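Right, one structure below, let's go through it.
Since every read-out is calculated from the coordinates, none of them should be taken as a lab result. Note that the structure is a prediction, hence the values are computed from the model and not measured.
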Amino acid sequence: MFIHPPFPFQPPAQWAGDLPVTSRYTYGIALEKFFQTLKDEGVILGSPCGQCGKTYVPITLFCPECLAELNETIDVGLRGEIFSYTLLYKNLDGSPRETPEIIAYIKIADGGLIHRVEGIPPSQVKTGTQVAANLKPKDERVGSILDIRAFKPIY
């Protein structure tokens, strides 16, 4: 049985001044480690599952297949392949782009990342293309997905 709170409602407590928040989102435990390692070491981490044999990118705390706890991380390298992609013909403000931007799901191990792809003409992009992450220099990395400038084809 639901019991309504007494009326009239008391307003919630208020915060005086500015909130000391730089982002309304947090990475969580696994992604904090993933992005910190990308920043500090320039590697992409995966979570291997000892029960299923799959390796998930980005890292996760539990296997989505068998629910095993994943305590280990491994360097899966900076290479992957374009699994799917789309072409963006408009900017965020709705204005047309001079050249379409390629956004792709890059399959790495048994997972992957969504990111931009550069170095391929939009008319020639295709699934299965082998690509590698182009990282920012270490002193410019901040611990975010944008520490990867883009993925570029491996020829």
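Given the chain, what percent of its DSSP beta bridges are antiparallel, to the nearest 5? Could the numbers behind the result be given before it?
On the way: 28 of 29 bridges.
Percent antiparallel among DSSP bridges in the chain is about 95.
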So the angle from the long Cα axis of helix 28-41 to the longest Cα principal axis of the chain, reported in degrees to the nearest 10, equals 40
Restricting to lysines and to Cα separations under 20 Å from LYS138, and discarding same-chain partners fewer than 8 apart, the set is LYS33, LYS39, LYS152
With no solvent term and unit scatterers on the alpha-carbon positions of segment 90-155, Debye gives log₁₀ I(q)/I(0) at q = 0.25, 0.29 Å⁻¹ of -1.16, -1.28
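Relative contact order of segment 28-153: what whole-number percent is it, with Cα pairs under 8 angstrom and at least 6 residues apart?
On the way: 258 pairs, mean separation 30.3, N = 126.
That works out to 24 percent.
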If amide H atoms are modeled at 1.01 Å from N in the peptide plane, then the residues at a separation of 5 or more from LEU135, or on another chain, having amide H under 5 Å from its own are ARG149
